[in-house]
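Encoded as structure tokens, the structure appears first; notes follow it.
Laboratory data are not the source of any read-out in this text; all were calculated from the coordinates shown. Source: prediction; values computed, not measured. No Cβ is skipped: glycine too gets one built from the backbone with ideal geometry, and neighbour counts run over all protein chains shown.
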Amino acid sequence: MTALTSTTCVSARAILLRMSVPLPIQFVLLLFAGWINRNQQQVIDYLREENRVLKAHVPGRLRLTNAERRRLAAKAKPLGRRLLGDVGCLFTPDTILRWYRQLVAAKYDSSTRRRPGRPRRPAEVAEMIVRLATENPRFGYTRIRDALSNLRIEISRNTVRRVLLERGLEPAPERARRPSWRTFLAAHWGAIAAADFFTVEVMTWRGIVRYHVLFVIDLASRRVEVAGLTANPTGSWVKQVVRNLLDVDDGFLRGKTKLILDRDPLFTADVRALLASGGVKVVRLPRESPNLNAYAERFVRSIREECLSRIVPLGEVHLRYAIREFLAHYHAERHHQGLGSQLIAPDETADRGQGRVACRQRLGGLLRYYHRAA
């Protein structure tokens, strides 16, 4: 209190000297100023003590409204951080001054008055840009822009560039050097087939016998041909099956140049040489890599889950009948997600029907196909 009073008195005396006030009047004014400062200091001391008592009796943290924070911040700013620390208020000086900075920032905040800027491009436009760049690796920014103009989508070349950079797509020269596997395979699917075996346990008069089924799948159309079925597969038997597949009139491998095979011992060197003589190059998979023949493996899963695991084959004749019925359902009645949920070989007559809803059943209702009757 004494330090504050002496400081105030010195300041008042300096002001009086600059004003050329006579010495007796200066003395009277200084006494009056000291008396006022003494009363103010007593008030401040009381308020400080009162704040200490309030802090001791108010548990937890005080929750103030925004209006209360603004009032305290406005009053605290002229005092400064040092004097606020001496006062010993309920909140730290840094907190009160932070409120003041927020009060100043709110004054110049124009977000509520901000006008909408440049409209964002529709999401479907960005997706179309990415689609054109992905499906056409040699299309540059200008060519993509021109292709979009044919679709009545008018955008600038820089917009195309910005969209492709956001999606992590390189310019046309870089994309053209690295074609996607999907594009590469789609361009060659018509010439590629895959072959594989799967086994079925069959109930016979001799007990349970394991039959081996050799099939071939066309990767482009997903058509499947069961090439042979036997309980005693040998290399000679496989060679005869391959001769049937290579038949120039109705062989399933007619027009194919690549055949994917795993390293099954039944695919002997003689079998591979026979395929090569028929103009079909064998692509042998690495060992222990079933996922590399994924389309063939997916067919095996389908025929097992939808047919063979739900019946008990009673002899070879019954097994052949079940496989034949499933293949008919697989080609003409089963929708394939890999083909856009389309049928491989749809029945045109059934699809054009306008009558009641009919159901075609196979294997006693195990396989069903719903269509409009003609």
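Values as computed for the structure displayed
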{"item": "Cα-based equivalent ellipsoid of region 201-336: semi-axis lengths in Å, sorted from largest, via gyration tensor", "result": "25, 18, 15"}
{"item": "Charge context of Gln361, other residues only, Cβ under 11 angstrom, K/R +1, D/E -1", "result": "+1"}
{"item": "Additional length obtainable on full extension of the chain from Lys281 to Asp250, 0.36 nm per residue less Cα span", "result": "9.2 nm"}
{"item": "Translational D in µm²/s for region 123-179 (Stokes-Einstein at 10 °C, 1.306 mPa s, Kirkwood Rh from C-alpha pairs)", "result": "145 µm²/s"}
{"item": "Net lengthening on full extension, Arg243/Glu348 (0.36 nm per residue, minus Cα-Cα)", "result": "34.5 nm"}
{"item": "Per-peptide average of other Cβ atoms within 10 Å, ordering 129-139, 300-310 highest first", "result": "129-139, 300-310"}
{"item": "Region 188-372, relative contact order [Cα under 8 Å, separation at least 6], %", "result": "17 percent"}
